[in-house]
1. Quick one: compute the contact order of the chain, relative version, from alpha carbon pairs under 8 angstrom and 6+ residues apart, as a percent.
2. Give, in nm to one decimal, the length gained when the segment between E279 and E257 is fully stretched (0.36 nm per residue of separation minus the Cα-Cα distance).
3. Which chymotrypsin sites (Phe, Trp or Tyr not before Pro) in segment 158-235 sit in a loop by DSSP (not H, G, I, E or B) and have at most 16 other Cβ atoms within 10 Å of their own Cβ?
4. I need the shape label for segment 101-201. Rule: rounded when a/c is under 1.5, else prolate if a/b > b/c, else oblate, with a, b, c from the alpha carbon gyration tensor.
5. Tell me which GluC sites (Glu not before Pro) from segment 258-317 have a DSSP coil assignment and no more than 13 other beta carbons within 10 Å of their own.
6. Quick check on the exposure proxy: order T380, T313 from fewest to most C-beta atoms within 10 angstrom.
7. With label points built 7 Å along Cα→Cβ from the Cα atoms of D369 and D319, find their separation and express it in nm.
8. Could you state the number of Å between the C-alpha centres of segment 297-371 and segment 195-248?
Amino acid sequence: MRKLFFLLVLVCLFSSCSKKDNDEVISISDDLPETIKNIDDDDNIEGKSYCENGIAGIYPCNGYDLLSRIPLEHFESNEGNDSWGWTDSLNGKEYALMGLDDGTAFVDISNPEIPLYLGKLPSATVNSSWRDIKVFKDYAFIVSEAPGHGLQVFDLSKLRSDKTEQIFESDVNLNAFGNAHNIAINKDSGFAYVLGSKLFDGGPVFIDINSPLNPYIVGGYSFSSYTHDAQVVKYNGPDIRFKEKEILFGSNSIGGENNQIIILDVTDKKNPELISSIEYSNAGYTHQGWLSDDHKYFFLGDELDELTIGHRTKTRVFDIQNLENPIIHNIYYGQLASIDHNLYVKGPKLYISNYTAGMRVVDIKNINDKEFKEVGFFDTYPSDNSTNYFGAWNVYPFLSSGVILISDINSGLFIVKSSNDL
């Protein structure tokens with residue numbers, strides 16, 4: 001049923017597009033009322049379980065221990081979706097930000113075995129199964145497929161002294177667009193890229209966020225169809241023609257058609273230039289991808305190929321050492337037939353949120369020789385490993401403590417860590 005729902009939503013998402021040039025920024029008054037209640041040690045937070053003999057509590061695992069889990073009931077929400085992390089620039093304390101159907105939850109994970117739920121920023125309009133979060137300069141930037149949602153900007157420094165569980169208000173709402181599917185941020189340039197909105201035919205919208213409380217649109221790109229997700233970087237790869245330029249790597253699809261990766265030079269926001277694009281065979285839906293740390297390779301997840309074609313989890317790896325001529329380098333097949341969602345690279349490891357198979361961790365240190373090996377996992381959906389849209393939506397592996405966040409659609413926020421790091 002969820003598969004049918006997902007496909008129907010895809011049709012709706014891509015059925016209409018329009019363009020706007022005006023920005024509407026709404027500042028939220030500081031004296032708006034807040035709902036406050038005391039934080040207590042709720043016994044529905046699941047505690048630590050070591051991964052022993054392939055199991056941590058009730059969760060299949062290999063090499064990763066459960067530190068804690070906050071169920072959806074604790075957030076008073078029905079579904080989970082995206083997640084991201086924030087490390088406070090003032091004191092180094094780590095926090096988890098989790099997307100929910102009705103808003104965004106903030107969790108103090110400075111003690112990851114005893115996470116402290118601080119409160120929720122409600123959705124700007126109505127509930128939605130889709131929400132996406134990124135962080136820049138101690139601010140959270142949030143978009144959603146909820147109609148009329150726009151961009152919420154939230155000052156994370158509010159969490160520093162928060163000792164109560166609260167319903168928060170956003171500091172700014174940018175309402176120059178309605179719903180959007182995703183947001184990418186390049187911290188080097190101070191620009192956010194809103195993706196899958198009604199502006200620029202669903203292509204990236206360029207938003208200057210160098211002053212986080214005064215975001216404004218400076219341009220966009222509309223000539224390569226709908227962009228579902230993207231990573232934007234100051235390029236530091238081997239193609240010296242583009243050294244230090246701001247390059248967008250987009251995962252583009254129109255409802256499962258015209259599946260492609262685009263490589264776009266967005267250094268000049270008024271004149272973005274398409275460097276190249278590449279399609280691939282047996283495509284389902286070009287969903288999301290991430291660069292290797294050296295910017296030589298791009299790892300791509302296709303969200304529908306396991307379902308529509310039928311095979312084990314498939315990750316395509318593109319050689320992008322020549323940005324004008326990207327080519328397929330290798331294809332990695334996982335151990336199971338579950339659907340892949342978001343993936344990220346940190347050093348020699350690839351972290352994949354694999355829906356019903358949970359988080360999978362792949363050793364990619366021998367990528368030049370096309371050698372890949374699964375070296376660990378933590379399965380947040382122990383019921384089965386079916387080809388369905390349940391389980392792990394996102395994994396966030398970038399916290400310096402080594403703590404990893406897994407946001408699960410059905411079971412809430414999992415906080416895990418490599419058994420070797422404990």
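Where a number appears in this text, it was derived from the coordinates with a stated rule and is not lab data. This one's a predicted model, so the numbers in the text were calculated from it and none came from an experiment. FYI the Cβ positions are ideal-geometry reconstructions off the backbone, even for glycines, and counts take in every protein chain you see.
1. In percent, rounded to a whole number, it is 14.
2. On the way: separation 22, 0.36 × 22 = 7.92 nm, distance 1.05 nm.
Length difference between fully extended and current span is 6.9 nm.
3. Values: sites: F168, F177, F191, Y193, F200, F206, Y216, Y221, F223, Y226, Y235; in loops: F168, F177, Y221, F223, Y226, Y235.
Qualifying residues, ordered by number: F223.
4. Prolate, because a/c is 1.5 or more and a/b exceeds b/c.
5. On the way: sites: E273, E279, E303, E306; in loops: E279, E303.
Passing sites in segment 258-317 are E279.
6. Details: T380 32, T313 25.
If I rank by nearby Cβ atoms, fewest first, I get T313, T380.
7. Each label point is offset 7 Å from its Cα along the Cβ direction, giving 1.7 nm.
8. 23
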